[in-house]
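Okay, so here's the structure we're looking at.
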Amino acid sequence: MSKLPRKFFEPLAIGAPAPFREPPVALERMIHFFPPQVEKMRAKVPDMAKQVDVLLGNLEDAIPIDAKEAARAGFIEVARNVDFGATGLWTRVNCLNSPWFLDDVTEIVAAVGDRLDVLMLPKVEGPWDIHYTDQLLAQLEAKHGVTKPIMIHAILETALGVENVSEIAAASPRMHGMSLGPADLAASRRMKTTRVGGGHPFYGVLEDTREDGAARTLFQQDLWHYTVARMVDACVANDLKAFYGPFGDFADDAACEAQFRNAFLLGCVGAWSLHPKQIATAKKVFSPDVNEVRFALRILEAMPDGSGAVMIDGKMQDDATWKQAKVMVDLARLVAAKDPEMAAAYGL
Ligand code: GLV
Ligand code: MG
């Protein structure tokens, strides 16, 4: 038994803002993490905000236990004092069963609820986690006069979460999207790895025995293909956005780029950047390719209303390629609005 559609869109507390009917349009190629307890990092935020699409104050894993409260206070200070312009302001709170979650949410919404765009919720296991957070946010929004609904972004990083991914995506109109959390997911699934995302040299397909007796090649496979694809389907079916999460080997830029690109091609719109150099990688990967955009523009031009079929450079175009071209060009327009150089390159 699920709610009536009409009820689904009612605020969950009297005085809370109504949930969004349409997800806000935003360019979110990278979610850049910073540790808000570190003063030097807080000082960099105004400049960082100009370079990234989303800036996220991390309160959860990687923040030492004795710095949890300082991280929360540091995030509130930054949210109050910095002008973020069109850059998204997010926080990753501690998980629901931790000793910090309740204070993270209550203190942040009380102090800067009207400045926070998205709350990232780790270790989501099922729709019940979203329902609880949804209700709590509505109560706090009402109490503190917040006028714009704070959205929820779930991290997909437990086996149970993956089992429930569709129900999580459909749990609330407050859902923004999801990120794959490969580090926690590997632990939860009992995968035999010690990495934060990326591939593994032993996970592959061995080519058949060769007639010439030459050594056989092991073709490495993407450990995350299944989960990313499942997450993308659950998200897009519910009008949410899917993201690849962290890539932990900061020394291997090429592997990071390859992992981001696989996610992009499968339908993700962005990834996390944990190191400043991953910002440029995400920008490069998650902005559509110039030649692809120019070709997509030709498809839209040749088929103004998307109907029928035409040939361009010997390739058949129809309704389905027109829709792909539209996805590409819509994204390129978002990038172009932010970046005049890319606008010129796309010819927009
Ligand atoms: C992210 O939180 C992860 O566990 O990979
Ligand atoms: Mg995690």
Checklist entry - In the stretch 93-125, which residues are under 30 Å from ALA186 (Cα atoms) and among the basic types (Lys, Arg)? => result LYS123
Item to check | Among residues of the stretch 231-278, those that are more than 16 Å from ligand 1 (Cβ to nearest atom) and hydrophobic (A, V, I, L, M, F, W, C), counted | outcome: 13
Checklist entry - Mind checking which residues of the stretch 156-207 are under 19 Å from the mean Cα position of the chain (by Cα), outside any helix (DSSP H, G or I) and within 15 Å of ligand 1 (Cβ to nearest atom)? => result LEU156, GLU157, THR158, GLY177, MET178, SER179, LEU180, GLY181, VAL196, GLY197, GLY198
Checklist entry - When both residues are 6+ apart or on different chains and their Cβ atoms are under 9 Å apart, which pairs have a first residue that lies in the stretch 260-273 and is in contact (Cβ under 8 Å) with a residue 24 or more places away in the chain and in a strand (DSSP E or B), and a second that is of a type in the set (S, T, N, Q) and crowded, with 24+ Cβ neighbours inside 10 Å? => result GLY270/SER179; ALA271/SER179; ALA271/GLN259; TRP272/SER179
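To keep it simple, each residue is scored yes or no on (1) touching a Phe, Trp or Tyr at 6+ places or on another chain (Cβ under 9 Å); (2) modelled with pLDDT of 95 or more.
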| site | (1), (2) |
| --- | --- |
| ALA280 | no, yes |
| PRO288 | yes, no |
| GLU292 | no, no |
| SER307 | yes, no |
| ASP318 | no, no |
| ARG333 | yes, no |
| PRO340 | no, no |
| ALA345 | no, no |
Next on the checklist: Just to be sure I understand the filter: pairs with C-beta atoms under 6 Å, separated by 6 or more residues or on different chains, first member in the stretch 190-216 and outside the structural domain of LEU156 (by TED's automatic domain parsing), second member among the charged types (D, E, K, R) and exposed (fewer than 14 other Cβ atoms within 10 Å of the Cβ). Which pairs pass?
Outcome noted: none
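The values are calculated or read from the model by the stated rules, or taken from the named source; none is laboratory data. Because the structure is predicted, anything quoted here is derived from the model rather than measured. Neighbour counts are summed over all protein chains in view; Cβ atoms, including those assigned to glycine, are modelled from backbone coordinates with ideal geometry.
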